[in-house]
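**Student:** One structure is given below, represented as structure tokens, and several questions about it will come after.
The values are calculated or read from the model by the stated rules, or taken from the named source; none is laboratory data. In this text, all values refer to a predicted model and were calculated from it rather than measured experimentally. Using ideal geometry, Cβ is built from the backbone for each residue, glycine included, and neighbour counts are taken over all protein chains shown. Surface areas here come from the heavy atoms of the whole protein model, side chains and all, with no ligands, DNA or RNA. Shrake-Rupley method; radii C 1.70, N 1.55, O 1.52, S 1.80 Å.
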Amino acid sequence: MCGVIGYVGSKSCARLIFDGLKRLEYRGYDSAGIAVLDHGKIELVKAEGKLVHLEPRLEELPLKATMGMGHTRWATHGAPTARNAHPHLHGDLVIIHNGIIENYRELKEQLMKSGVEFKSDTDTEVVLHQLHAELERTKDLKAAIMETVKHLRGAYALGIMYAREPGQMYVVKQGSPVVLGAGDGENFFGSDALALLPHTNRAVFLMDGEFARLKADSIEVWDFAGKSVRRDPAVLNWSASSADKQGYKHYMLKEIHEQPAVMSSILSRLVDLKENTFVDKETGIDALDLGRIKNVAIVACGTAHYAGQIGRYMIEEFTRLPANVELASEFRYRNPCIDASTLVIAVSQSGETADTLACVKHAVERGCQVMSICNVRFSSIPRASHAVLYMEAGPEVGVASTKAFTAMVLSFYVLSLAIGEKLKTVAARRLEKSFDSMRHLPALVDRAVNAAGVIEEIAHKLYEAQNMLFIGRGPSFPVATEGALKLKEISYIHAEGYAGGELKHGPIALVDRHMPVVSIAPRDNQYEKMISNIEEVRARQGRIIGVGDIEDERFRSICEHYIPCPQIGDDHLQSILSVIPLQLLAYYVADMRGTDVDQPRNLAKSVTVE
Ligand code: M6R
């Protein structure tokens, strides 16, 4: 987590760095700081809390400074206070850090024994003092960096400036994301390409175990052993405006409304809907040895994990391969039964989630084939995988994932059908029906998104609730859990998602006349069972908020509130349509409660610590 950004060039940099931090604030917003180097002197400002608290202090920085770096923090070690805010300064040396130094305690003890006094409670400060000590010894910053990394265990993206070496800064990468931006007469670094997009679309991706020296007119890269590495810039295809709010009150609302376009764009890249064929190069399956696959393991976190659960249903139905879905943070550490016959599918919007990345690396070591479904091009997870399906949903800035979820589900749909077609496990009639459903999907998603008015009214009735349950069966079960996650993470209302049939095994004890139960019952093969589960809740006076077919009067009649949802006649794709009302419900409830919808407390968009 944490966002880092740096600039070296000829422009006044304090505001430029601050604006870059704003684009990275979704990564963490506990505290922030900026350091600039001007006339051989480092000047520093820091503030607790969000960037708005740092902004008034920008004028304390010299306007003429043309190199500097900034940090927005998601606290891991040390409270979210100004004292623990980055950058950290010691003498002429200043650093920023994203990641965790796992052996910081032992390093701290050693450094303290040698007389170092610490000014913060962070793990980062040990890097600063270790580097300072190595610099005293080697008198050369590049050599000191190479010595310092030998002592560090954990993950880090570091930005380093040294007042005695003006005009240049170092960037070090091990396990945490960082991208270099190549400009004309100016160069940048940032935690992700979004922060750099207003200035350049040419990005240089460092690998783990590499570091770079940035000057205004050059970027040099070495590995940790000091061997020079050649890295040509890649051209990014996102525009800076795609990361703006474009008139919406929040990024989340904008991203919900982008879903029809995202569905169209995914389909136009992955599928030829005129010929009813798949584009193997884009689905990534041309990079797989399909004949080798005997089982599938899907790994992901949070929303991506719920998308993976729907993905599992599709993989099993269309490919007849046994599939498991697992939380990445659990999978990696339990000696899973995977081998060369396993296809591991890692799902991640950011492509940087540390737990998911660890699974990918582990699976590669175990000889599995690894495919990733990701949004951010060139991010760490796709780079570590054998095959990639890029969703290309555009930047998702709101911490609550919306368009990435539906993009993941659609990607799974296409991927599992494409594999099924190759393995001949999906009938021609089913394939034909699926192509037909895909043709209708974007228009139906558009209709679902445009039901926002009804949902806003219902949100008015619910926003003071203290608890909420979400229930569904089949693919609507992961939809229910995703709906509950959306609500809790942005509105702070306690919410849980359950399989409809599971309620009576315990959670139904929570139901009384105060409990809203959002019940998802599309017209699928579990409809009748689901209606029975809803009746069970109603019999205990639960408040039913139904999500179902526009014309389903029977369901509507048993609900306190009813959200009509377009039906597509395909159980898997229906989950894309059913989740949209839940995204909107969470959004309006949170907005009415006055929470910070795009940057909910304690969270960060990109979770780069395990
Ligand atoms: O970038 P990823 O898709 O790997 O992120 C995984 C989760 O951290 C993410 O989905 C998280 O749960 C979201 N805040 C949910 O809205």
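**Student:** Among the aspartates and glutamates, select those whose C-alpha is under 18 Å from the C-alpha of LYS108, and discard any that sit fewer than 8 residues away in the same chain.
**Tutor:** Filter leaves GLU117, ASP121, ASP123, GLU125, GLU134, GLU136, GLU147.
**Student:** Restricting to the chain, what percent of DSSP beta bridges are antiparallel, rounded to 5?
**Tutor:** Once the DSSP bridges in the chain are tallied, antiparallel ones form about 60 percent.
**Student:** Among the lysines, select those whose C-alpha is under 18 Å from the C-alpha of LYS529, and discard any that sit fewer than 8 residues away in the same chain.
**Tutor:** Cross-link targets: LYS504.
**Student:** Next question. Any idea what angle helix 403-423 forms with the longest principal axis of the chain, computed on alpha-carbon atoms, 0 to 90 degrees, nearest 10?
**Tutor:** For helix 403-423, the angle is close to 70 degrees.
**Student:** To the nearest 10 degrees, how steeply does helix 14-24 sit against the main Cα axis of the chain, on a 0 to 90 scale?
**Tutor:** 30
**Student:** Between ALA163 and PHE118, what FRET efficiency comes out of the Förster formula 1/(1 + (r/R0)^6) with R0 = 22 Å and r the beta carbon distance, rounded to 0.05?
**Tutor:** Plugging the Cβ-Cβ distance into 1/(1 + (r/R0)^6) gives 0.60.
**Student:** Which percent of the accessible heavy-atom area of the chain goes to carbon and sulfur, probe 1.4 angstrom?
**Tutor:** Answer for the chain is 48 percent, counting heavy atoms of protein chains only.
**Student:** How much accessible area per residue does region 3-243 have, counting only protein heavy atoms and a probe of 1.4 Å, in square angstrom?
**Tutor:** 39
**Student:** Return the Rg/Rh value of region 452-593, two decimal places, where both radii are evaluated on C-alpha atoms and Rh is the Kirkwood radius.
**Tutor:** Ratio value, two decimals: 0.92.
**Student:** Could you work out the local net charge near GLU59, counting Lys and Arg as +1, Asp and Glu as -1, over the other residues with Cβ closer than 12 Å to its Cβ?
**Tutor:** Around GLU59, the charge tally is -1.
**Student:** Using a probe radius of 1.4 Å on heavy atoms only, what accessible surface per residue do you get for region 498-610? Whole Å² is fine.
**Tutor:** For region 498-610, the per-residue accessible area is 39 Å².
**Student:** Using the heavy atoms of the protein chains alone and a 1.4 angstrom probe, what is the accessible area of region 251-449 per residue in square angstrom?
**Tutor:** 34
**Student:** Here is a follow-up. Can you give the charge dipole size of region 480-553 about its Cα centre, rounded to the nearest 20 debye, using +1 on the beta carbon of Lys and Arg and -1 on the beta carbon of Asp and Glu?
**Tutor:** 360
**Student:** Largest first and to the nearest Å, give the Cα extent of the chain along each principal axis.
**Tutor:** 77, 54, 43
**Student:** Looking at this model, which pairs from LYS403/LYS486; LYS173/LYS249; LYS50/LYS488 are more than 24 angstrom apart at the alpha-carbon?
**Tutor:** Flagged as over cut-off: LYS173/LYS249.
**Student:** Looking at region 240-315, which trypsin sites (Lys or Arg not before Pro) are in a loop (DSSP not H, G, I, E or B) and have at most 15 other Cβ atoms within 10 Å?
**Tutor:** Of the trypsin sites (Lys or Arg not before Pro), the ones in loops of region 240-315 whose Cβ has at most 15 other Cβ atoms within 10 Å are LYS245, LYS249, LYS274, LYS294.
**Student:** Return the lysines within reach of LYS46: Cα separation strictly under 20 angstrom, same-chain partners fewer than 8 residues apart disregarded; answer none if there are no such residues.
**Tutor:** Of all the lysines, those that pass the test against LYS46 - Cα under 20 Å, at least 8 places apart if same chain - are LYS22, LYS64, LYS119.
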